[in-house]
Every structure is written in C-alpha cells, then in structure tokens.
1. Scan the stretch 58-71 residue by residue and report those that are under 11 Å from S17 (Cα atoms) and either in contact with a helix residue (DSSP H, G or I) (Cβ under 7 Å, 6 or more places away or on another chain) or β-branched (V, I, T) (or both).
2. Those residues that are among the small types (G, A, S) and under 24 Å from K35 (Cβ atoms), I need them from the stretch 56-84; list them, please.
Amino acid sequence: MPNFQWTENAQAIYHKSIDATPRLFRSNTRDGLNKILMERFGEDTPINEAAIVGVIKDNTPSAFVGRGMKAIAPLLTDPSLADL
C-alpha cells in the first residue's frame, strides 16, 4: 500500500470501504482505490474524509454506493458527507 497522508478518519474510512466490499472483490477494490488516490493525491497531499468519500462515491457502481455510504457513515465526523 502506498504511504498516503491521512487526516481525520480518512484511513479508517478507506479500510471500512474495502471491508464492506464482498470478499471476492476486495483486492480489486483496494487496488482501484490505491490507483485513484495515487493519481489524485499522491503520497504527499493529505487525504481527508471528504476526499476519500468523494473518491468512493465517484467510483462505486451506483447500485452499491448507498450500501457503501451506510457502512462508512459511523466513521464520519460530518455525517452529511454520506448523503447521496
């Protein structure tokens, strides 16, 4: 895993979003998130809760994004980030 610079609860949200994915797809989800996060932020730009939630919303199939937001909602310091 790249050495991302996490702030707030972003790292916990990252892990929870992977854990909420069906086991068969977890490695694809992790690899995809890592790729997108590297492209958008790299290892030097801090990634906060809003940033990781934005990446998740933008890249999760619409049929599953609601379930994903429900899974990470307890970790958010601003619950409105989970609104669709």
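1. Passing the criteria: T60, V65, G68, M69, A71.
2. Residues satisfying the conditions are S62, A63, G66, G68, A71, A82.
Since every read-out is calculated from the coordinates, none of them should be taken as a lab result. Bear in mind that the values here come from a model prediction, so they are computed numbers and not experimental data. Note that we place each Cβ from the backbone using ideal geometry, even for glycine, and neighbour counts take in every protein chain shown.
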